[in-house]
Amino acid sequence: MEAMAFVTEERKLTQETTYPNTYIFDLFGGVDLLVEILMRPTISIRGQKLKISDEMSKDCLSILYNTCVCTEGVTKRLAEKNDFVIFLFTLMTSKKTFLQTATLIEDILGVKKEMIRLDEVPNLSSLVSNFDQQQLANFCRILAVTISEMDTGNDDKHTLLAKNAQQKKSLSLGPSAAEINQAALLSIPGFVERLCKLATRKVSESTGTASFLQELEEWYTWLDNALVLDALMRVANEESEHNQASIVFPPPGASEENGLPHTSTRTQLPQSMKIMHEIMYKLEVLYVLCVLLMGRQRNQVHRMIAEFKLIPGLNNLFDKLIWRKHSASALVLHGHNQNCDCSPDITLKIQFLRLLQSFSDHHENKYLLLNNQELNELSAISLKANIPEVEAVLNTDRSLVCDGKRGLLTRLLQVMKKEPAESSFRFWQARAVESFLRGTTSYADQMFLLKRGLLEHILYCIVDSECKSRDVLQSYFDLLGELMKFNVDAFKRFNKYINTDAKFQVFLKQINSSLVDSNMLVRCVTLSLDRFENQVDMKVAEVLSECRLLAYISQVPTQMSFLFRLINIIHVQTLTQENVSCLNTSLVILMLARRKERLPLYLRLLQRMEHSKKYPGFLLNNFHNLLRFWQQHYLHKDKDSTCLENSSCISFSYWKETVSILLNPDRQSPSALVSYIEEPYMDIDRDFTEE
């Protein structure tokens, strides 16, 4: 009763409420005794050894969980008992105790300082293989904790210094627990295939009414899912008024002999409850697949996901489940609003978009997001432009692509263009589409998206709706850069849309409002300008003469303004995965200047700009330190260097040479930074290693 009050009263501040029963129970050793009882195979009562029944285990688990909910510190104490945590996994072999065990494990792992290793769980492969689909989906909640790095090194807010230090430490320690756990799961026969089936299962194929009712009863007595049940029951009650379909839940503990709750004669399950149930499952499954896609065994996971037709399956669910039309009442959990990211509907959409982003990013399997007709369209675009077809398109297994009238990428574009201006989905949608374009620039891929009005949609959002969200703006600028890079047709479309000086000024205002957000677009336009200037073509010459954006970027004062600000807004100690692009964009500007033998001119102009700010040396010293870090960071990371080369079409050797020339210690070199820093202001040997 205390635990129920704790949950249903919207988790009031614990210091204002006391729970004497659970406190007294724990104070006098109740928690330790329960752990001892659970871990014993038998218990002695009046001299007789009796086997612990599932019902007793279930009661012990319920009391343990309720005590964890109400008494601070109990969960942490249980987390320190590693042998007990591992033992709990063995209790999931019984269907009667599965849900209680899984929920307790999830809570314990949430506070455990060190991640458990799944390879220490006895008979893990047999345990997981024997789960039914419903159990496997619930088990994914636990897996989400065990396969994700505890220190989220992929977080854009972590400094690169800290991440590099952590990577060096990890190399000496070997694979992390999360990596070991991922490998353990992938070694289980049929594991990924079952996840793909769960992720793509239609609502009509899900578990029947009776077993779902049984789980709902478990949720009713199991407090961790109280809010979910509240949402489900409110939806059911709304629909029952219209459909005369009702489900009557008994008090906790009251059940038939067969374990099912008492129900009325009308046990037809409302469709929206089935949908919500399926959404909750798919959330966890998609998250696990997404983490595995970003792990060390990425290529192995990619092959399996393609083979088991995850992408076509998600395409078939897109309209009816993932991006379905819904009533407001079916969306909202108790205590949340309709646009809250905690809503299952919203969380499913975001998780789906994150999966698409991970799936498409720098991988040739991205073409599975299209259907056969759309793949033929890519081939026709290449043929018309008289350029070779993309090898990955030719190698795509047509039996594994999307079916139906539209592929998944096209469906995504359609909902993206209809998304309200204030929608939180815009960021994730843009990221997912951008990942399709990442890597070596493909004219056919760009034209496929341009023909579907993507460029005009992006410009509308940036200019006409005057988007204010920094995250959305950054994702749109990045996408626009990938869409326009080296593409004359894209620049023509840009100029046609931005057809007045007023519109162009709004666009420039958005770019200049935050270079951290817009620098990738600046880089793409700068690279495109350089390529166009070296081409002899009437179409290109026309675009060069007419396009406002190219004319603006071609001016040396504009380039110097960008260069000065890009270097000034970053420092070695504050570099992250998000803003390191500013350093690389500044390098692109200087590499192109070097090609034209104008590098000394640009460095001299930077020196003058320093002096005009009455702070000589501050910018060039900072740039020198940034380039020293660049050498440390990129010369030991194959993936990052490949990305730089593919995205810029500049060989990585030229990147390295340019950095070496700039860091040349010879003060007589006209292309060395030190030649432009006066002796009294020299500060280039600062140690920036992470403590």
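The values are calculated or read from the model by the stated rules, or taken from the named source; none is laboratory data. Small disclaimer: the values here were computed from a predicted structure and weren't measured. Methodologically, a virtual Cβ is constructed for each residue, glycine included, from the backbone with ideal geometry; neighbour enumeration extends over all protein chains shown. Each accessible area value is taken on the protein alone, full model and side chains, heavy atoms only, with ligands, DNA and RNA left out. Shrake-Rupley method; radii C 1.70, N 1.55, O 1.52, S 1.80 Å.
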Along principal axes, largest first, the alpha-carbon spread of segment 497-563 in whole Å comes out as 35, 26, 19
Accessible surface, per residue, of segment 350-431 when the full set of protein chains is kept, probe 1.4 Å, Å²: 46
Residues of segment 582-605 with backbone N under 11 Å of the label point set 7 Å from the Cα of residue 534 along Cα→Cβ are 592-593, 595-596
Heavy atoms only, 1.4 Å probe, whole protein assembly: order 527, 544 by accessible area, highest first. 544, 527
Taking only the alpha-carbon positions of segment 578-647 as identical scatterers, the Debye log10 I(q)/I(0) at q = 0.14, 0.19 Å⁻¹ comes out as -0.52, -0.89
Report the label-to-label distance for residue 76 and residue 555 in nanometres (one decimal), using points 7 Å from each Cα along the Cα→Cβ vector. 6.0
Using a 1.4 Å probe over the heavy atoms of the protein chains, calculate the carbon and sulfur portion of the accessible area of segment 37-139 as a whole percent. 48
Starting from the amide H of residue 576, placed 1.01 Å from N in the peptide plane, find each other amide H under 5 Å away whose residue is 5 or more places distant or on another chain. 160
Theoretical gain in end-to-end length, residue 117 to residue 158 [0.36 nm per residue, Cα-Cα removed]: 12.2 nm
Could you tell me how far the Cα centroid of segment 480-516 sits from the Cα centroid of segment 87-140, in Å? 52
Taking placed amide H atoms and a strict 5 Å upper bound, the residues 5 or more places from residue 442 or on another chain that come that close are none
To the nearest Å, what is the center-to-center distance of segment 517-537 and segment 403-440, using C-alpha atoms only? 25
Going by average Cβ density within 10 Å per residue, which order do the peptides 376-387, 444-455, 347-358 take, highest to lowest? 347-358, 444-455, 376-387
Accessible area of segment 496-556 belonging to carbon and sulfur atoms, whole % at 1.4 Å probe: 53
Which value, in Å to one decimal place, does the Kirkwood hydrodynamic radius take for segment 570-691 when every pair of different Cα atoms is included? 15.0
Of the GluC sites (Glu not before Pro) in segment 431-469, those whose Cβ has at most 16 other Cβ within 10 Å and which sit in DSSP loop: 466
Kindly sort 571, 624, 636 by accessible area of their heavy atoms, largest first, with the probe set to 1.4 Å. 636, 571, 624
Label-point separation, residue 39 to residue 501 (7 Å along Cα→Cβ), nm: 8.0
At q = 0.15, 0.16, 0.20 Å⁻¹, the log10 of I(q)/I(0) for segment 75-129 from a Debye sum over equal Cα scatterers comes to -0.39, -0.44, -0.69
If the cut-off is a Cα-Cα distance under 20 Å, which lysines reach residue 384, setting aside same-chain residues fewer than 8 apart in sequence? 451, 485, 492, 539
Relative to the compact-globule scaling 2.2 N^0.38 Å, provide the ratio for the alpha-carbon radius of gyration of segment 376-455. 1.19
With 5 Å bins from 0: P(r) over segment 332-486, alpha-carbon pairs, percent: 1, 9, 17, 21, 20, 14, 9, 5, 2, 1, 0, 0
Would you mind checking 417/509; 76/282; 168/509 for any pair whose Cα atoms are more than 32 angstrom apart? 168/509
Where does each of 533-542, 394-403, 293-302, 64-73 land if you order them by average Cβ count within 10 Å, highest first? 64-73, 293-302, 394-403, 533-542
Calculate one ³J(HN,Hα) per residue across segment 496-510 by plugging θ = phi - 60° into the Karplus curve 6.51 cos²θ - 1.76 cosθ + 1.60, and present them in order as whole Hz with x for glycine and proline. 5, 7, 8, 9, 9, 4, 4, 4, 5, 5, 5, 4, 5, 4, 5
In nm, spacing of pseudo-spin labels at residue 657 and residue 632 (7 Å Cα→C-beta vector): 2.7
Based on a Kirkwood Rh over C-alpha pairs, give the Stokes-Einstein translational diffusion coefficient of segment 402-445 at 20 °C and viscosity 1.002 mPa s in µm²/s. 183
Can you give the direction-averaged projected area of the convex hull of the alpha-carbon atoms in segment 355-423, in nm²? 5.9
Average accessible surface area per residue within segment 70-157, 1.4 Å rolling probe, Å²: 45
Alpha-carbon radius of gyration plus Dmax, which is the widest Cα pair, for segment 75-186 in Å: 15.3, 49
Taking segment 428-519 as the region of interest, what is the percent of Cα-Cα pairs per 5 angstrom bin, listed from the shortest bin to the one with the maximum distance? 2, 14, 27, 26, 20, 9, 1
With N denoting the number of residues in segment 488-645, provide Rg(C-alpha) divided by 2.2 N^0.38 Å, to two decimal places. 1.10
